[in-house]
Each structure stands twice: as C-alpha cells, then as structure tokens.
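**Student:** Structure provided below as structure tokens; questions to follow.
None of the figures in this text is laboratory data; all of them are computed from the coordinates on show. The model shown is predicted, which means the values in this text are computed figures rather than measured ones. In this analysis, Cβ positions are derived from the backbone assuming ideal geometry, glycine residues included, and neighbour counts consider all displayed protein chains.
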Amino acid sequence: MLVLFPAQAAAQRPPHRPIRRFGTAQFPQGVLSGDPTTGGITLLTVLGGVQGFGTARLEVAEDPGFRRVVATRDIPTGPATGFSLKARVTGLEPRTRYWYRFETTRSHSPVGRFQTALPADSRETVRFACFSCADFTHGYYNAYDAMARDDLDFAICLGDYIYAECSRTVAGGEAVRDDLTGSQVDPRPGILREAVTIDDYRAKYALYRSDPALRRMHAAFPTVAVWDDHELENNYAGRPLDGGLGPQADYSQARKAASYRAFFEAMPVMPRGQSRIYREARHGRAVDLVVLDERQYRVDQPCGDKRKQACASWGQRRSFLGRRQLDFVADRVTGSTATWKVLGTQTMTMPMLFSDGRYARFDAWQGYPVEREELLSRIHNSGTKDVVFMAGDAHAFYAGDVRRQMGAGDSVAVEFVSGSITSKGRGESLVDLGDGNVFQGNDAAPNSSAAMMPVLREYNPWLVAGDVDHHGYVKVTATPKTFDVEMRRMATIKQPSRIVLPSDGFRWTLHRGETSLGGAPLT
C-alpha cells in the first residue's frame, strides 16, 4: 500500500483533466527515505526541469536490479508542492533491505536503499547515527561523507538541517562556500540574507542538497528527521505570534507556515495532523526511539534569552513541549519494554553554566526547569532505567549525566550531544566563560579543548567529557544488553577530508541499569 503526502493527494490534480507522466526530468536533490517501521517507509524526491502538473513513478524492489518489484505507484506533483514527490509505503517485511527509485518516461533518479525495522521481539543489533547543525557555508560536509560509509540502519536528524539565515561569506574569511539564496533583509547584526518566502525555503533545501556527500548519505539509509529553530528563524518560539523575537526579526505567521510547508515537502516525514512531528518507533528489543519537537509548542524563552544568571521569572511554569507532547513522551518512555529508551532532543537536557553562575542562554531545557523536572521525576518515580538523551544544537560534543533539580539531584539518565556537522562552535569563537576566563577561538584551526573543558566541568559537574573544537556525529550500536556510543569527530571541515579522529576518550558502553557515566561527584 502507498499513502501519498496529503498536499499531493488533495491538491495536485487539475479538475476534470487526466494527469500525464513527466517526460525528461532531473533529480537534483537525490532520493531520501525516512521513518522506517517493521512494515513501512517514507520515500521522497524532488523533480527539477519540469513544468505544470504531472506524475513520476515510484518503484520499490527486493534487489538493486529491480527484478523483484514489490510496490509501484504513479505519484502526482506540480508547482503547488515545489515538485516534491513523497509517499508512505506499507506492507513491507520487517528487517528487510529494499531498493527504490523514481522515474519519468525518459529519465530516472539515483537508486536509494533502506532497511525496515526489527520486529519487537528481535534481539538483533540496532545501529544508528545522530547529527544536527549543518551550516552550508561554514564547512564541507565531511561528516555526511563518513556517515554514508558507515554501517547504519538509520540516522536521526536532530534539527538545523538548513539555516534560513546566511551569516558569512567566502570573502569574509570564515566560509568555504557562499549561500546566495534567500531575500535581502533590513540590516541586522550578522545576517546577510535569509529565507522568508516558500520559494526561499525551497531554494535552501535545494542548495544544501547540491552537496554530493549529503545526497549519498540520504541514499544509503533512512533519516528520522525533526526540526529545530534554523529551519525557520534563529531562536524562535512557536507559541507567540511574534516568535518571541520582536518586530525587528521579520517573523510572521506566514513565514512560519512557509517554513513548515517547505520542511514537509523536502524531508521524508509525514505530518501527524497539520504539523505534528513528535513520534515514536520501536526497533526490536534493543531500542524504543522517541523524537521530540522542542520548537512548535514552546512559549518565549525566559530572562530575555541572554547569557546571564537566572532571572526572577525563571522558575515559573512555562510550556516547552506542551502538555500533550509531555504526556506522550513520559508515557512512551515509562511504558516501554525495550531495553534502551532513546529520546531524540533538539537541545541539551544537561544545564550549561559558566564560572560566574551565568547560564549559556535559556533556549534549551534549562530555560524551562519546571517541565524538565516533571519529565525527569516521572521517569525516576516510575523506576524506569536505561534512558538515553541524544541531543544536538550545542555545536559541541558533550557526554554526561541528566540529573534532577537542575543538576542538584540524582542522575536518572545519560546524555550524548552530537556536535555539529559544520556549524560554528565554541572552539571557533570568542567565548566569555566569566570570572576573567575568556577563550579566543580559532575558526581556521580550533584548538581550545584542553583549556576550556576543565573550566566547564568545574561548574558543570555532570559533564564527563566534551570536545568544543571538532565537528561530526554520534554513532550508536545498541543490543538488548549494551549501548555503545562513539563520537565520530572529523579532523577538519575547512577542506574536503575523510579523516576521522581516534575515538579514545570519546567512546562509552552502557550496561543495563546504569544511570550515570561516572561524572564528578555532587558537592
């Protein structure tokens, strides 16, 4: 069975007119698969070089030569959806590898492959990666190239897949390639151009996928994708009409709708309802995966979202996940029978403080301490063990313990932060850590970890390890007994390279019942 993307099914066919298959077409964004379950997958491509309304055929086969085709369907598309082709294929066999392609009458896409999920009683190993934050301009996609060569069942995109804003150029010295998409904007610090309209956002996805490493990664295995802020606009909050950004930010509900629409056209995600993306998927006995939406339902960040000490209103209840999503996440985690309960979160759950008591902004879980405590208390009070938070957004690798009471209580879970694919990190920036501790980063050759991490750990004792200099992703190998995590750190992003740094000091194996990585003791 094939289920079409709702916008295609409802809006593409012109009234009372037969719909033709396109002739010659291009497939500039490659092919993508997403959200594997035991019997289903979402498949996607975007056509180029075509006009008007038409169809292209999707084929799914049990072999790369397409001799044993198991599903086929002509999918309509047109300008209303940016020539996106997307369908949900069901009725497949569990733990089975398939190949897929799209074709018109005179052209065909690259061939992609995917593997369906393990049945719930399977004891087989699950292998996946987590990644986020892939500013097109700041570096080459060496991490995507390494990921494409890894043996993975799927990857989890934790947000900031695109950057609506363009902040640097090759001429300015920090970029390796330019981003000329988007609209000219009124002068704002650090913003040169940004996506505002639906065409702008579509152009962003097309630009990012002009990179062959990204296309190879998507063709190799499925992606479980969620958004963060840069898919729309930096640091926005979904609930306020102005995004919590004020009139100077050019935020609008029309812009939000355009960015969400472009996301669903470009990413292999079927919306649950109008725009719901939080969801759960089981992968054998080893993994129950819950991915969160930490943008759409949040109210504005407290304390002006500045790098500062907690303000008077910080401890008030405010929506982050929202009641419905919070209950969904807590119920799925505490009710799961899988060994490892994995939460894919856009932002860190561990707090991050600097030496003078300032928080590193309030855009993450640390800005919403009441909801944070409720979720962790429900996990703790239920006796649920083996909970792992996998986070993005921080532009650094971190590993540590998720403790209640903003770090003053017991550890109920562990957290691994996946670094960034390319986006600028602390080791490439000027960072004021407070009390006279200032680190001058080096964008071309960052080398600040030895000096910075001891300061961070002193004021964040839940941290076990970190790397603020390098880029990459986190690779996980999970069995019903162990959860192995390796931080795959690229040697450089400033030139094409396949060199991955040694994992010494950046690899952990969790065993059942452990709720701590053994960080510094509480004081």
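**Student:** Got a sec to turn the phi values of the stretch 134-151 into Karplus ³J(HN,Hα) couplings, 6.51 cos²θ - 1.76 cosθ + 1.60 with θ = phi - 60°, whole Hz, x for Gly and Pro?
**Tutor:** Couplings: 10, 3, 4, 7, 6, x, 7, 7, 5, 5, 4, 5, 5, 5, 4, 8, 7, 8 Hz.
**Student:** I want to check the label-to-label distance for Gln440 and Thr96. Put each point 7 Å from Cα in the C-beta direction and report it in nm to one decimal.
**Tutor:** 6.2 nm
**Student:** Sticking with this structure for a sec: Given the convex hull over the Cα atoms of the stretch 204-334, what projected area results after averaging over all orientations, in nm²?
**Tutor:** With every direction weighted equally, the projected area is 10.8 nm².
**Student:** Which semi-axis lengths, in whole Å and largest first, follow from the square roots of five times the eigenvalues of the Cα gyration tensor of the stretch 2-115?
**Tutor:** 24, 15, 12
**Student:** Cα to Cα, under 18 Å, and not fewer than 8 places away if on the same chain: which lysines meet these conditions relative to Lys341?
**Tutor:** Lys385, Lys475, Lys481
**Student:** For the stretch 419-430, in order, what is each residue's ³J(HN,Hα) by Karplus, 6.51 cos²θ - 1.76 cosθ + 1.60 with θ = phi - 60°, in whole Hz (x at glycine and Pro)?
**Tutor:** x, 10, 5, 8, 5, 4, x, 4, x, 10, 10, 8
**Student:** Obtain the nm distance between the two label points defined at Arg323 and Asp178 by a simple spin-label model: each point lies 7 Å from its Cα along the Cα-to-C-beta direction.
**Tutor:** A separation of 5.2 nm, rounded to one decimal place.
**Student:** Nearest 500 deg cm²/dmol is fine: what mean residue ellipticity at 222 nm does the chain get from its DSSP H runs of n ≥ 4 alone, each adding -39,500 (n - 2.57), divided by its residue count?
**Tutor:** -5000 deg cm²/dmol
**Student:** By what distance, in whole Å, do the Cα atoms of the stretch 371-523 stretch along each of the three principal axes, largest value first?
**Tutor:** 48, 40, 25 Å, listed from the longest principal axis down.
**Student:** Further question: Taking 0.36 nm per intervening residue step and subtracting the Cα-Cα distance, what contour gain separates Ala491 from Ala171 on full extension?
**Tutor:** 112.8 nm
**Student:** Taking N as the number of residues in the chain, what value does Rg over Cα atoms divided by 2.2 N^0.38 Å take?
**Tutor:** 0.94
**Student:** Moving on to the next point. Taking a 30 Å limit on the Cα-Cα distance, which of the listed pairs Lys86/Lys204; Lys204/Lys308; Lys86/Lys424 fall beyond it?
**Tutor:** Violating the 30 Å Cα-Cα cut-off are Lys204/Lys308; Lys86/Lys424.
**Student:** Oh, and also: What distance in nm separates the two pseudo spin-label positions at Arg512 and Arg21, each 7 Å out from Cα along the beta-carbon direction?
**Tutor:** 5.2 nm
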